[in-house]
Amino acid sequence: MDTPVTSRPHVATVPNVLTYARIAAVPALVACLFMGTEGGRWVAFWLFAAAAATDWLDGYLARRLEQQSTLGRMLDPIADKLIVGAALIMLVHDRTLDGWSIWAAIVILCREILVSGLREFLAELNVKIHVTNLAKWKTGVQMVALAALIAGPAGDKIVPGISTFGIVLLWIAAGLTLWTGYDYLKAGIRHAMEG
């Protein structure tokens, strides 16, 4: 009697491996920024830049290689939130973000938590929220802002004003964050009222 072949999820696809690498980069990023040295900042910058690039690359490869998976769909947004959250916390810790700029970080972190909660709630109702083009722009601006801020004082020595540029972009990202977060909240409330 033949045993039926059961298909198991492929956990080691190229897109998934890139996502795992992004998650693994989080403690390394924190450690580099925690060192408080110029060299540590540059290593953190390149780690973050690579993580941001793989955020786009893993999705592209998943579609191109037809390797989209439930595991990948679950881990991809988690990896994004982990690296963004860790970067923001460390930038506040080392006072790259100080004073009013901390509010931009709080807005971004609160939106990430809000959207995660809404997605979980809507998933129970079998409602999918698709990522809008504006949300993609928000992510792009946010990643460039954080990369500039991670380079921080070390980057200012090479490109004067890079930290200021990063703070301006972070405020723009915070504004886009409020806008896109409101769209998610409105959709969540609508579905909750209908349920």
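Computed from the coordinates by the stated procedures, all read-outs in this text should not be read as laboratory data. Fair warning: this is a prediction, and the values are worked out from it, not measured in the lab. Note: ideal-geometry Cβ built from the backbone for every residue, glycine included; neighbour counts use all protein chains shown.
Computed quantities for the displayed model
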| quantity | calculated |
| --- | --- |
| Single residue of the range 119-163 satisfying the filter (among the β-branched types (Val, Ile, Thr) and within 18 Å of Ile108 (Cα to Cα)) that is surrounded by the most Cβ atoms within 10 Å (Cβ to Cβ) | Ile150 |
| Qualifying residue in the range 28-43 (condition: part of a loop (DSSP other than H, G, I, E, B) and either exposed (fewer than 14 other Cβ atoms within 10 Å of the Cβ) or within 11 Å of the chain's Cα centre (by Cα) (or both)) | yes |
| Filter pass, Ser101 being of a type outside the set (Asp, Glu), touching a Pro at 6+ places or on another chain (Cβ under 8 Å) and more than 30 Å from Glu194 (Cβ to Cβ) | no |
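Table: residues versus (1) outside any helix (DSSP H, G or I); (2) free of Cβ contacts under 8 Å to residues at least 12 places away in the same chain.
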site	(1), (2)
Gly85	no, no
Leu91	no, no
His130	yes, yes
Ala148	no, no
Gly166	no, no
Trp171	no, no
Lys186	no, yes
Ile189	no, yes
